Amino acid sequence: HHVSGDRPECQEGGKTPKCQKQCQSTYNVSYKKDRHYGRKSYSVKSDPQAIQTEIMTNGPVEVALTVYEDLLHYKSGVYQHVSGSVLGGHAVRMLGWGVENGTPYWL
């Protein structure tokens, strides 16, 4: 979305394919055997050190974040909210972190 590259531009509003409640002929796993369940869920403190420790110990974590209007105009580098209203929330998988030009970021 909204970046230069070899991928085609997104159509305004996007086009979602129609849902088909049927199996793909090339996928040989039954619906019943393809379901996965977690044994438990838990929360991690909203603290960078606690989150980093969790990632290093147990792998990627699921997080929720607030999406603002200026994200739609993001081009590259570390995104930082500057202006615009809240558009909503988004859930993503966080798998690491780093620092770019002195600015810490999450992957």
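Structure values in brief
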quantity: Linear extension gain, residue 19 paired with residue 91, 0.36 nm per residue minus alpha-carbon span; calculated: 23.7 nm
quantity: Only Lys, Arg (+1) and Asp, Glu (-1) charged, at Cβ; the chain dipole about Cα centre in debye; calculated: 820 debye
quantity: Full-extension gain in nm, residue 105 to residue 40, via 0.36 nm per residue minus C-alpha separation; calculated: 20.6 nm
quantity: Protection proxy ranking of 76-83, 30-37 - average other beta-carbon atoms within 10 Å, highest first; calculated: 76-83, 30-37
quantity: Cα-only Debye scattering, region 38-106: base-10 log of I(q)/I(0) at q = 0.12, 0.14, 0.22, 0.24 Å⁻¹; calculated: -0.40, -0.54, -1.12, -1.21
quantity: Selection from 90, 48, 17, by position along the positive dipole direction of the chain (Cβ); calculated: 17
quantity: Per-residue [θ]222 nm for the chain (sum of -39500 (n - 2.57) over DSSP H runs n ≥ 4, rounded to 500); calculated: -3000 deg cm²/dmol
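Values quoted throughout were computed directly from the atomic coordinates according to the rules given, and no laboratory measurement underlies them. These numbers come from a predicted model, not from an experiment. A quick note on method: Cβ atoms are made from the backbone with ideal geometry, for glycine too, and the neighbour counts reach across all protein chains shown.
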